[in-house]
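Heads up: the structure comes next, in structure tokens.
The values are calculated or read from the model by the stated rules, or taken from the named source; none is laboratory data. As the structure is a prediction and not an experimental result, all values here were calculated from the model. Here the Cβ positions follow ideal geometry from the backbone for every residue, glycine too, while neighbour counts run over all protein chains shown. The accessibility values were calculated without ligands, DNA or RNA, using every heavy atom of the protein model including side chains. Shrake-Rupley method; radii C 1.70, N 1.55, O 1.52, S 1.80 Å.
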Amino acid sequence: GIEGPSAFWYRSQKQQGQGIGDYFTVHNDLGQGSGVGAAKGVRLAAFSLYLPHGWDDDSVSQAGGNFVWCQTEEVIRPKFNELVLFMTRMESWHYVEPVASTSATSQWLRLSLQGWWTAGSK
């Protein structure tokens, strides 16, 4: 089955009126536990479809909100209509950098659609 999908709007610190922009801390998407976001089965794969219209040009290259793989330090910059798909494993640790407050990010939203393919249920 598919768990989710969920839509996320990552806001800059300027957009949300706080000291740091939205981000996700280090995680591996296994979704174990019982709180919000806990898996409704075993997560096999995860996806993020980026929908940040206007974030494709070089003017937002320093805008943050990048997807970063911890093991390899590979950085994936969000581009409109780009799909990131990966198997959820104990080693698949990653995070999303805080969205910076720039003139570019205050004009556009960093949107994404995320979800997981699952097997079984709890």
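List of remarks:
- Looking only at region 49-85, and only at residues there that are over 19 Å from GLY21 (Cα atoms) and not in a loop (DSSP other than H, G, I, E, B), the one that is modelled with the lowest pLDDT: ASP58
- If the condition is being open to solvent by 90 Å² or more (accessible area, probe 1.4 Å), within 14 Å of PHE47 (Cα to Cα) and either touching a Ser or Thr at 6+ places or on another chain (Cβ under 9 Å) or of a type outside the set (D, E, K, R) (or both), then region 74-92 contributes ASN81, LEU83, LEU85, MET87.
- Yes/no for TRP117 being among the aromatic types (Phe, Trp, Tyr), modelled with pLDDT of 70 or more, open to solvent by 90 Å² or more (accessible area, probe 1.4 Å) and touching a Leu at 6+ places or on another chain (Cβ under 6 Å): yes
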